[in-house]
1. Given the Cα atoms of the range 47-169, and with Rh set as the inverse mean 1/r over their pairs in the Kirkwood sense, what is Rg to Rh to two decimals?
2. Among 108, 50, rank each residue by its count of other Cβ atoms within 10 Å, from fewest to most, as a rough exposure measure.
3. Check which residues have an amide H placed less than 5 Å from residue 71's amide H, if you skip close sequence neighbours.
4. Which pairs break 22 Å Cα to Cα here: 52/113; 89/111; 102/162; 113/162; 90/162; 89/113?
5. Computed FRET efficiency, Cβ-Cβ of residue 57 and residue 127, R0 25 Å: what is it to the nearest 0.05?
6. 7 Å from Cα along Cα→Cβ at both residue 72 and residue 178: what's the point-to-point distance in nm?
7. Counting residues in the range 109-170 as N, plug N into 2.2 N^0.38 Å and put the Cα Rg over that result.
8. In the range 72-116, which trypsin sites (Lys or Arg not before Pro) are in a loop and have at most 16 other Cβ atoms within 10 Å, using DSSP for the loop call?
Amino acid sequence: MDRIVAFLVLILFPLGVNGHPGGTDAHGCHHDQRKNEHHCHEKAKPQTFSGKVVGVLDGDTIEVLNQGRSQRVRLSEIDSPEKNQPFGKKAKQYTSEMVFGKDVTVQSSGKDKYGRTLGEVYLQNGTNVNHELVRQGMAWQYRQYSNSSRLRGLESEARQEKRGLWREADPTPPWEFRRDRRLTGEDLIPKKRQPATK
């Protein structure tokens, strides 16, 4: 009888990672509805791989060759402006200049909901690309998924020095920009293809 009850509990109330209803995201974070708070757990032990950067999709997403296959990597704990936001193209260009065609090391702790590898990216000279983007005002610390005091300090320094996106008086964080687009349905409406011209 106890086995049947345990089985029903697992079927009816599945637990995610760390035993939380609904599970946690790739960062080990979740919203606890009982306490009405959002918190994160210790990250899984990082997995490391090295490879050449073969693509830069935007300021915080790159493609790295890993064992002959292209692997999409989302730089963890930071959030760069979207391409159609102010400084979005500059952030992408800055990331490209820093990493494209170069060998990097990725310390990954998992994947995000889109299947991208989440990780910290290092150049061969030891430069932490995630940190450098925040230092140069090309990204925010992604506070929802990061409590790093190091990143907080780098963002504060970039603000004070008015580097990159901090040249604007009140830049919109990309997570707010994405939320607003979802609310207005902008990113839900497929763009019409233009007819080919002769």
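1. Numbers: Rg = 13.6 Å, Rh = 14.3 Å.
Looking at the range 47-169, the ratio lands at 0.95.
2. Listing 108, 50 from fewest to most nearby Cβ atoms yields 50, 108.
3. 64, 65, 66
4. On the way: 52/113 24 Å; 89/111 25 Å; 102/162 29 Å; 113/162 33 Å; 90/162 15 Å; 89/113 24 Å.
The answer is 52/113; 89/111; 102/162; 113/162; 89/113.
5. Numbers: r = 20 Å, r/R0 = 0.81.
Plugging the Cβ-Cβ distance into 1/(1 + (r/R0)^6) gives 0.80.
6. If labels sit at residue 72 and residue 178, their model points lie 1.2 nm apart.
7. On the way: Rg = 12.8 Å, N = 62, 2.2 N^0.38 = 10.6 Å.
Compared with the compact-globule rule of thumb, the range 109-170 sits at 1.21.
8. Sites meeting the loop and neighbour criteria: 83, 102, 113.
Just so you know, all these numbers are worked out from the coordinates, no wet-lab data involved. Predicted model, so just to flag it, every value in this text is computed and none were measured. All Cβ positions, even for glycine, are placed from backbone atoms using ideal geometry, and neighbour counts span all protein chains on display.
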